[in-house]
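Below is one structure, written out as C-alpha cells, with a few remarks after it.
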Amino acid sequence: MKALTLAALAALMTGAAFAQEGGPRIGEIVWPDIDSYCSFMRADHNFVYDDPSSWRWVLFTNFPVDETDTIEAPFMRIDDQLRQLAQTEVQEIDGGVVRIYRSHDVDPYRVELTMMDGEQGSESAGYSGTIKVSRSGNSSEIAYQGDCGV
C-alpha cells in the first residue's frame, strides 16, 4: 500500500518540462486539487477548475507557518526535479516586489520571482510577472499568472 501511495504521489507530481534554450528547464507540477497558499501557472495557461488536467503549476507554496512571510519557501520543478527554494532577498519595485530564492543544491539555482500586484479579492490576491531561473551562467525565463490567499 505504501509503495502504491508513493507511486500515486509521484504520478501527481510529474509534469511536462518545457525546454528553454540552453538554460534550466522550468517544468510544470500537475497536482489536481492542490491545497496551496500561492499557485502560479504559465501566463498563457487556461485553468479550468473542473478539469484536473488543467491543474498545472510552475510554482506553489504551502500555507504559511506564521505571518512573517507567507511565501518564503516555494516549490518549483527545475530540470525535472521538484525543488524547495529558500528566500534570500525581497526588493520593492513600482507595482510589486521581486523575490530572490535559491535552491538547496550544492550548485544552487537562483530564482528571481517578479510579482506584479493584480486584482485583490476577498480571499485571494492576483499576481503576474516573470520567473527567471539561473545556474552556471545560463538562465531561462517564463511569464506567469496566479494568486495567493489573503
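The values are calculated or read from the model by the stated rules, or taken from the named source; none is laboratory data. Quick caveat, the model's predicted, so the values are computed rather than measured. FYI the Cβ positions are ideal-geometry reconstructions off the backbone, even for glycines, and counts take in every protein chain you see. Accessible surface areas use protein heavy atoms only, side chains included; no ligands, DNA or RNA. Shrake-Rupley method; radii C 1.70, N 1.55, O 1.52, S 1.80 Å.
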Counted residues, the range 96-123 - those being open to solvent by less than 40 Å² (accessible area, probe 1.4 Å), under 18 Å from N138 (Cα atoms) and among the basic types (K, R): 0
Can you spot a residue in the range 120-131 that is within 28 Å of S54 (Cα to Cα), at pLDDT below 95 and under 16 Å from the mean Cα position of the chain (by Cα)? yes
Pull up the range 70-95, narrow it to residues that are among the acidic types (D, E) and either in a strand (DSSP E or B) or open to solvent by less than 60 Å² (accessible area, probe 1.4 Å) (or both), then point me to the one that is nearest to V30 (Cα to Cα). D79
Looking only at the range 49-61, count every residue that is surrounded by 10 or more Cβ atoms within 10 Å (Cβ to Cβ) and either on the phi > 0 side of the Ramachandran plot or part of a loop (DSSP other than H, G, I, E, B) (or both) and tell me the total. 3
Yes or no: the range 28-43 includes at least one residue that is open to solvent by 30 Å² or more (accessible area, probe 1.4 Å), at pLDDT 95 or above and assigned to a loop (DSSP other than H, G, I, E, B). yes
Conditions (1) buried (at least 17 other Cβ atoms within 10 Å of the Cβ); (2) within 20 Å of T130 (Cα to Cα); number of the one not met by N46: (1)
Within the range 1-27, restricting attention to residues that are open to solvent by 50 Å² or more (accessible area, probe 1.4 Å) and in a loop (DSSP other than H, G, I, E, B), which residue is modelled with the highest pLDDT? R25
